[in-house]
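Just so it is clear, none of the values below were taken in a lab; they were calculated from the coordinates. Since the model is a prediction, treat every value here as computed from it, not as a measurement. As a convention, Cβ positions derive from the backbone with ideal geometry for all residues, glycine included, and neighbour counts pool all protein chains shown.
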């Protein structure tokens, strides 16, 4: 149980275009989802936290207009990188936490496999 | 400030040798603690977690970790390392019940010599 998927696993796009990354909890309802960014050989940096049906909470320094997060259902959150530039190239990882009644401890985050974005 | 520290950036061990990866935390109260493993180009896989109770926690893939309050540590151990264990390991902390935000250590890269 507690499987989280991401799509696509990798994407190459031209500068100025927008890219949407999907994060899905496959076998549980995720009341909270998180988006992280990881630079090469570095740890993960939390970008934002989203609860189903409400606006995402962004970490300091993360542009909410550039990184649009939508958590429209209990199994799907999307991250859209708008007007992507080469400096947005990175590894984006989502995670999900289950709510009450799922049998999963609410505080445990389950991670997706990540999406590698390359902006040319 | 709440933080998690992994003192070792890179560790190399021989296959079959024992392993210990260090993790120290700095929280006002006992945090929830996790160890994750990340293989190259992959997401994170949860190895084990400590919330409360027994201070010796068993995880997947033969890993275990021991919570030591007196040393503010949560070191990861494995008695015999396999070549497939080569990866990046992250120790993470969470303030406690109701707090979702993870504080990641910077990671320890494990290399295994055949």
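Shielding of A:42-53 by partners, i.e. mean partner chain Cβ atoms within 10 Å per residue?
Working: counts 3, 12, 10, 1, 5, 0, 0, 2, 0, 1, 0, 0.
Across A:42-53, the average partner-chain Cβ count within 10 Å equals 3.
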Taking Cα pairs closer than 8 Å and at least 6 residues apart, the relative contact order of chain A in percent is 36 percent
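Got the relative contact order for chain B handy, in percent, Cα pairs under 8 Å and 6 or more residues apart? Display every interim value, and only then the final one.
Details: 286 pairs, mean separation 42.6, N = 114.
37 percent.
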If one builds a Gaussian network model of chain B from Cα atoms under 10 Å apart, the most fluctuating residue listed among B:40, B:79, B:31 is B:40
Highest GNM mean-square fluctuation among B:68, B:49, B:78, for chain B with Cα springs under 10 Å, belongs to B:68
Partner shielding of A:110-117, taken as the mean number of other chain Cβ atoms within 10 Å, equals 3
So, with points 7 Å from each Cα along the Cβ direction, the residue B:72-residue B:12 label distance in nm works out to 3.2 nm
Scoring region A:1-46 by relative contact order with C-alpha pairs under 8 Å, at least six apart, yields a percentage of 36 percent
Reduced to Cα centres, the span from region B:8-22 to region A:29-95 in Å works out to 33 Å
Across A:49, A:78, A:108, the residue with the highest GNM fluctuation in chain A (Cα network, 10 Å cutoff) is A:108
Plugging the Cβ-Cβ distance of residue A:55 and residue A:3 into 1/(1 + (r/R0)^6) at R0 = 30 Å yields, to the nearest 0.05, a FRET efficiency of 0.70
Region A:5-20 scanned against label point 7 Å out from residue A:76 along Cα→C-beta; backbone N under 16 Å for A:5-8, A:20
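With both partners inside chain B, how many of the DSSP beta bridges are antiparallel, as a percent to the nearest 5? Can you show the working numbers first?
Working: 34 of 39 bridges.
Close to 85 percent.
Please work out whether chain A counts as rounded, prolate or oblate from its C-alpha gyration tensor, where a ≥ b ≥ c are the square roots of the eigenvalues and a/c under 1.5 means rounded, while otherwise a/b larger than b/c means prolate and anything else oblate? Don't skip to the end; give the middle numbers.
On the way: a/c = 1.91, a/b = 1.72, b/c = 1.11.
Prolate shape, in that a/c is at least 1.5 and a/b is the bigger ratio.
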